[in-house]
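Presented below is the structure to which this report refers.
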Amino acid sequence: MQTTSMHGMWSSRLAFIFAATGSAVGLGNIWRFPYTAGEYGGGAFVLVYLLCVAAIGVPIMIAEIMLGRRGRQSPINSMRALAEQAGASRAWQLLGWMGILSGFLILSFYSVIAGWTLAYVFRAGAGLFEGIDGAASEAIFSALVADPERLLAWHTVFMVLVVMVVARGVASGLEMAVRVLMPTLFLLLVVMVLYASQAGDFAAGLSYLFTPDFGELRANAGDAILSAMGQAFFSLSLGMGAIMIYGSYLSSHASIGGNVAIIAGMDTLVALLAGLAIFPIVFAQGLEPSSGPGLIFQTLPVAFGQMPFGAFFGVLFFLLLAFAAWTSAISLLEPMVAYLVENKGFSRVRAALLAGVAVWLLGIACLLSLNAWAGFTVFGKGILDLFDYLTANVLLPLGGIFIAIFAGWVLDETVSRDELSATNGAVLYRIWRGLIRWLAPVCVILVFLNAVGLI
Ligand code: TRP
């Protein structure tokens, strides 16, 4: 068993927590969670989401980190090696390949949305939001997404930033930035929630998020439950190998379960804070909770436009959000880069450039789907929305099933006991094993079957 990775190692347990939290906390929490919760009616969706995080997300995150640490290579090669050791089929490496595909598709649209965030830094700084109402804010947003050149420019800037870090190696550099900027983003979110509680309709926001209305859910239950589960996978960075490869840089001595509790807890807290900052303003301004991917870009500027020092807070907020997106995007690119380095003998720089350019090209299709190619839809969705839906709701949970089955059924029990430092009769280990063998895969399969109308 290897004890280190050729791509470098985290300098400490804390470095791993920061990097993994940096991966988990991103646009998924602040952009995607509020707009998906809004599309599916709020409370009931949030409740299902929280259940999925606890019962499916946490055990799968433990499994992913464990597999990565045991394999010490890119997800493709780790899965191949672990399958060989367990005497199982080499086909398990397909899990790694599927992860590369998911990462590729996610990053292509993620970078476009991160580009919106960068564009909004400048809009906030220019004082464009001063005194605007909901309608004016919607107009600013529509003007941005209608302009392919601007979208391309910001998408390009963001991809360059991502490639730069990945080319240097994620273990160096990432930690310092995350250590300072993450807590700042967190504090700023708290400020936004406080502001929303004063200026927005806080009671309406609170009850929208936390009073489950199952009537609302039932109208479209299959899709809503699938989306809540997909959001859990997306937000926790699970099912594609991002957390697996971060696990491969973790020292053999660190406790996995304790780290996962912290990472998943922080991730969930940030999503809920984002919801609490946004929905009170949505209701006070008469905006639509279900207005889709533009939701935070249409609501928050109204708040920044009215609050004292709004331009300052606006710049800071969108800057920190872009930063959070950056630390997530790095983890989406890392598995492919590690694979290219291991198997093709590329330097990190060359590998990062190659993967980055490929993602960048696909991102152009995503951004054009918002304007020039708006007429082109598959299942009623444009390319960006399609990639978003397909990855979160299909590919990531599918990856999750395979991770759970591999960790629970294929991997030798002595290996997982060893990795999770379980002594005989350890209760937490036994709970984890039950969840990963039965609950997680069965739940995901039931949600899939339910969504396609088979049950
Ligand atoms: N979790 C990140 C977010 O919420 C996005 C992300 C990073 C991701 N790496 C991932 C999603 C891997 C799925 C899989 O913004």
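The values are calculated or read from the model by the stated rules, or taken from the named source; none is laboratory data. Because the structure is predicted, anything quoted here is derived from the model rather than measured. Here Cβ is always computed from backbone atoms with ideal geometry, including for glycine, and neighbour counts include all displayed protein chains. To get the accessible areas, we keep the full protein, side chains included, count just its heavy atoms, and leave off ligands, DNA and RNA. Shrake-Rupley method; radii C 1.70, N 1.55, O 1.52, S 1.80 Å.
Here are some notes:
- Every residue from segment 428-444 that is buried (at least 19 other Cβ atoms within 10 Å of the Cβ), over 13 Å from V260 (Cβ atoms) and touching a residue at least 40 places away in the same chain (Cβ under 8 Å): A440, P441, C443, V444
- Scanning segment 229-259 for residues that are more than 6 Å from the ligand (Cβ to nearest atom), surrounded by 24 or more Cβ atoms within 10 Å (Cβ to Cβ) and assigned to a helix (DSSP H, G or I) gives M229, G230, Q231, A232, F233, I243, M244, I245, Y246, G247, S248.
- Within segment 277-290, if we keep just the residues that are touching a Phe, Trp or Tyr at 6+ places or on another chain (Cβ under 8 Å) and in a helix (DSSP H, G or I), the residue that is farthest from F33 (Cα to Cα) turns out to be F283.
- Residue in segment 60-81 that is away from the ligand (no atom under 12 Å from the Cβ), aliphatic (A, V, I, L, M), more than 30 Å from I281 (Cβ to Cβ) and not in a helix (DSSP H, G or I) present: no
- Tally of residues being assigned to a helix (DSSP H, G or I), open to solvent by 30 Å² or more (accessible area, probe 1.4 Å) and under 17 Å from V302 (Cα atoms) across segment 181-228: 7
- Residue in segment 63-71 that is under 21 Å from G8 (Cα atoms) and within 17 Å of the chain's Cα centre (by Cα) present: yes
- Annotation: of all residues in segment 326-351 being of a type in the set (A, V, I, L, M) and away from the ligand (no atom under 16 Å from the Cβ), the one that is nearest to A167 (Cα to Cα) is V349.
- Number of positions in segment 106-132 that are assigned to a helix (DSSP H, G or I) and more than 14 Å from the ligand (Cβ to nearest atom): 9
- Here L390 does not fit the description of being within 16 Å of the ligand (Cβ to nearest atom), surrounded by 24 or more Cβ atoms within 10 Å (Cβ to Cβ), within 30 Å of R80 (Cα to Cα) and in contact (Cβ under 8 Å) with a residue 60 or more places away in the chain.
- Test: residue in segment 90-101 that is within 16 Å of the ligand (Cβ to nearest atom), modelled with pLDDT of 95 or more and among the polar types (S, T, N, Q): no
- Close contacts from segment 205-216, counting a first residue that is among the small types (G, A, S) and a second that is outside any helix (DSSP H, G or I) and open to solvent by 50 Å² or more (accessible area, probe 1.4 Å), with Cβ to Cβ under 7 Å and a gap of 6+ residues or different chains, come to none at all.
- Boolean, L319 is within 21 Å of the chain's Cα centre (by Cα), open to solvent by 40 Å² or more (accessible area, probe 1.4 Å) and among the aliphatic types (A, V, I, L, M): yes
- Residues that are more than 16 Å from L107 (Cα to Cα) and under 19 Å from the mean Cα position of the chain (by Cα) number at least 2 in the following helices (runs of 4 or more DSSP H) confined to segment 348-418: 396-405.
- Members of segment 133-174 that are outside any helix (DSSP H, G or I) and either buried (at least 17 other Cβ atoms within 10 Å of the Cβ) or in contact (Cβ under 8 Å) with a residue 24 or more places away in the chain (or both): D133, A146, D147, G169, V170, A171, S172
- Within segment 1-32, the set of residues being over 30 Å from F279 (Cα atoms), in a helix (DSSP H, G or I) and open to solvent by 10 Å² or more (accessible area, probe 1.4 Å) comprises R13, L14.
- Number of residues in segment 9-42 that are polar (S, T, N, Q) and within 9 Å of the ligand (Cβ to nearest atom): the value is 2.
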